[in-house]
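Data first, discussion second: the structure below is written as structure tokens.
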Amino acid sequence: MAKEQQSSKQNDDQVSTTFNSVRVHLMDKAPLLAMASVKVLDAMFVTGIRIKTGKNGVYIDMPSRKTAGGEYQDIAFPASKAMRDELQAVVLAAYEAAKAAAEKQG
């Protein structure tokens, strides 16, 4: 896997009915594994999705900002658990594909 940034793109193939493409940039800065962006319904992009590792495995963290009170608030987020599960599955599949491609390259 590349040390800084290795990019992978699933663009022309329909990734799911909701998410049209996923871009992953491998980071290798534990616990941050990669950054991702997704194209939603051919209408908008959500960028700044973080792929992280934790005590329960690999997961996604939605883009957020720090409030004046010091707490983090999501900027973009799925409207339902089913949509979050679909987003996580699509992003993590793209991450695994990017990681495999990077390992294959050397």
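Could you list all residues from segment 75-90 that are surrounded by 15 or more Cβ atoms within 10 Å (Cβ to Cβ), out of contact with any Phe, Trp or Tyr (no Cβ under 8 Å at 6 or more places or on another chain) and in contact (Cβ under 8 Å) with a residue 24 or more places away in the chain? Spell out how you get there, then give the answer.
Filtering segment 75-90 for residues surrounded by 15 or more Cβ atoms within 10 Å (Cβ to Cβ) gives 76, 78, 86-88, 90.
Filter once more, so that each one left must be out of contact with any Phe, Trp or Tyr (no Cβ under 8 Å at 6 or more places or on another chain): 76, 78.
Once the filter is applied, which keeps residues that are surrounded by 15 or more Cβ atoms within 10 Å (Cβ to Cβ), out of contact with any Phe, Trp or Tyr (no Cβ under 8 Å at 6 or more places or on another chain) and in contact (Cβ under 8 Å) with a residue 24 or more places away in the chain, segment 75-90 yields only 76.
Listed here are the residues, each with its yes/no results for (1) under 15 Å from the mean Cα position of the chain (by Cα); (2) over 20 Å from residue 103 (Cα atoms); (3) basic (Lys, Arg); (4) modelled with pLDDT of 95 or more.
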{"site": "9", "(1), (2), (3), (4)": "yes, no, yes, no"}
{"site": "20", "(1), (2), (3), (4)": "yes, yes, no, no"}
{"site": "25", "(1), (2), (3), (4)": "yes, no, no, yes"}
{"site": "36", "(1), (2), (3), (4)": "yes, no, no, yes"}
{"site": "60", "(1), (2), (3), (4)": "yes, yes, no, yes"}
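Taking every residue in segment 25-38 that is free of Cβ contacts under 8 Å to residues at least 60 places away in the same chain and surrounded by fewer than 19 Cβ atoms within 10 Å (Cβ to Cβ) and pairing it with any residue that is among the basic types (Lys, Arg) and assigned to a loop (DSSP other than H, G, I, E, B), at least 6 positions away or on another chain, the pairs with Cβ-Cβ distances below 9 Å are 28/3.
The values are calculated or read from the model by the stated rules, or taken from the named source; none is laboratory data. Keep in mind the model is a prediction, meaning the values are calculated, not measured. Cβ coordinates were reconstructed from backbone atoms using ideal geometry, including for glycine residues, and neighbour counts include every protein chain displayed.
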